[in-house]
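Read through the structure below, which is laid out as structure tokens, and then see the notes.
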Amino acid sequence: MLTLGIDTSNYATSLAVFDTNAGEVVCDCKKFLPVKQGQLGLRQSDALFHHTVALPAMLETLTQKVDLSEVEAVGVSARPRPVEGSYMPCFLAGVSAATAFSLARNIPLVQSTHQQGHIAAALYATGDRTLLESSALVFHVSGGTTDLLLCHGAQDIRMLGTSNDLYAGQAVDRLGVKLGFPFPAGQAVSACAALCQEKIRPKVSVQGLQCSLSGLENQCGKLLAEGREPAYVCKYCLLCVAETLVRMANGAREQYPGLPVVFAGGVMSSDLIRVYVTHRVTDAHFVPGKFASDNAIGVSILAAKESHAWPNSSM
């Protein structure tokens, strides 16, 4: 059985097809939303427009890779997070396309959220399928979240900690755009940071499982004003994010000993952050970039689970 996943986030339009019999993603495609140089994202009306334009062509691309007539359930991220009041108009494009597809084919429509899709994709990509049915500590770190979550699979989610102000992805993107990099700037900031060979001691603000990142933006701006090289400042920014996550993760492990820690979200695509964290957090799981950044893979997996097409937990 095949399931189709659709995600129309504030960053990218993405589609994925999951084969429940093989237990694998058979194809996926993604297109970043166009953002003008120097801008930090799009207005929601513009994002909705670009998603609406992109979806038909992307569905056509999928038909060249897989027979969509074999899809027996379609999933879609209908809102950012599974909490009351969570809403962004950009997700309406995906809901509209998924609803039309399900009605035309008379197949189940499974609505989940963008965050649950991130979690499901990350848990799946660890290679340990039992994590989709058991408890884990999961970080969702992106332009719109810096959340530490206690998850049982991707359906039962409890917030443990978050940022009280700026999100990690916002800090990275604001620095990148200031340096002239395109938005989203994570990949460019990571590439620039890799050029710095100096040792850096990050300064962070973490209280229990809560963090503050607004000071990081100011620190980066001050370093640039003092004449520090962009590579140094990029490395400093990413290491501050990494150290923040380390302290939150180890604090959570004291309360929930024995649970694995899984890192999801676009910011977690950074090799620098991955190396720093894995040396300081035991049983930490980082996943390949396409499973960490915005994607529809987790949404297609959730469509399989919620439509009762998931074979078994040992798959």
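A few notes on this one:
- Within straight-line reach of Lys203, meaning a Cα separation under 25 Å, sit the following lysines at least 8 residues removed in sequence or on another chain: Lys178, Lys222, Lys235.
- Note on the chain: with neighbouring protein chains present and a 1.4 Å probe, carbon and sulfur make up 50 percent of its accessible heavy-atom surface.
- Taking amide H positions as modeled 1.01 Å from N, with prolines and chain starts lacking one, the residues under 5 Å from Cys27 and 5 or more places away or on another chain are Val17.
- Heavy-atom SASA rank of Thr282, Thr63, Thr3 (probe 1.4 Å, accessible area, largest first): Thr282, Thr63, Thr3
- Each residue of segment 167-174 is assigned a 3J(HN,Hα), and the resulting list reads 8, 4, x, 5, 4, 5, 5, 5 Hz, derived from the Karplus form 6.51 cos²θ - 1.76 cosθ + 1.60 (θ = phi - 60°), x at Gly and Pro.
- The fraction of all Cα pairs in the chain landing in successive 20 Å bins from 0 to the largest distance is 34, 56, 9, 0, given as whole percents.
- Within the listed set Asp19, Asp271, Asp128, the Gaussian network model of the chain (springs between alpha-carbon atoms below 10 Å) gives the highest mean-square fluctuation for Asp128.
- Segment 195-213 and segment 260-292: distance between their alpha carbon centers, rounded to Å: 16
- Legend note: in the chain, cysteines whose Cβ sits 4.7 Å or more from every other cysteine Cβ are Cys27, Cys29, Cys90, Cys151, Cys196, Cys211, Cys220, Cys237, Cys240.
- Taking a point 7 Å from the Cα of Gln37 along the Cα-to-Cβ direction, the residues of segment 146-184 with backbone N closer than 20 Å to it are 173-184.
- Ordering Pro56, Pro257, Thr146 by the projection of their Cα atoms onto the charge dipole of the chain, which places +1 on the Cβ of Lys and Arg and -1 on the Cβ of Asp and Glu, puts Thr146 at the extreme positive end.
- Phi angles across segment 39-47 convert, under the Karplus curve 6.51 cos²θ - 1.76 cosθ + 1.60 with θ = phi - 60°, into 3J(HN,Hα) values of 9, 9, x, 10, 5, 4, 5, 6, 4 Hz, Gly and Pro given as x.
- Backbone HN-Hα couplings from phi across segment 110-126 [Karplus 6.51/-1.76/1.60, Hz, Gly and Pro as x]: 10, 9, 10, 10, 4, 5, 4, x, 4, 5, 4, 5, 5, 4, 4, 6, 5
- Most to least packed among 165-175, 283-293 [average Cβ atoms within 10 Å]: 165-175, 283-293
- The sum of -39500 (n - 2.57) across all DSSP H runs of n ≥ 4, divided by the residue count of the chain, sets its helix-only mean residue ellipticity at 222 nm to -12500 deg cm²/dmol.
- Among 82-88, 138-144, 50-56, the order from most to least packed when residues are scored by Cβ within 10 Å on average: 138-144, 50-56, 82-88
- Accessible surface calculations at 1.4 Å, restricted to protein heavy atoms, place the chain at 43 Å² per residue.
- Among beta bridges from DSSP that stay inside the chain, the antiparallel ones total about 65%.
- Here the chain is treated with +1 on each Lys and Arg Cβ and -1 on each Asp and Glu Cβ, and its dipole about the Cα centre works out to around 860 debye.
- Cut-off under 5 Å, modelled amide H: who pairs with Ala12 long-range: Leu33
- Base-10 log of normalised Debye intensity for segment 31-163 (one unit scatterer per alpha-carbon) at q = 0.09, 0.14, 0.21 Å⁻¹: -0.32, -0.79, -1.34
- Scattering curve values for segment 1-99, log₁₀ I(q)/I(0), Debye with Cα scatterers, q = 0.12, 0.19 Å⁻¹: -0.40, -0.90
- Rounded if a/c under 1.5, otherwise prolate or oblate - segment 214-315, Cα gyration tensor axes: prolate
The values are calculated or read from the model by the stated rules, or taken from the named source; none is laboratory data. All values derive from a computational prediction rather than experimental measurement. Every residue, glycine among them, receives a Cβ derived from its backbone with ideal geometry; neighbour counts consider all protein chains shown. We work out accessible area using only protein heavy atoms, side chains counted, and drop any ligands, DNA or RNA first. Shrake-Rupley method; radii C 1.70, N 1.55, O 1.52, S 1.80 Å.
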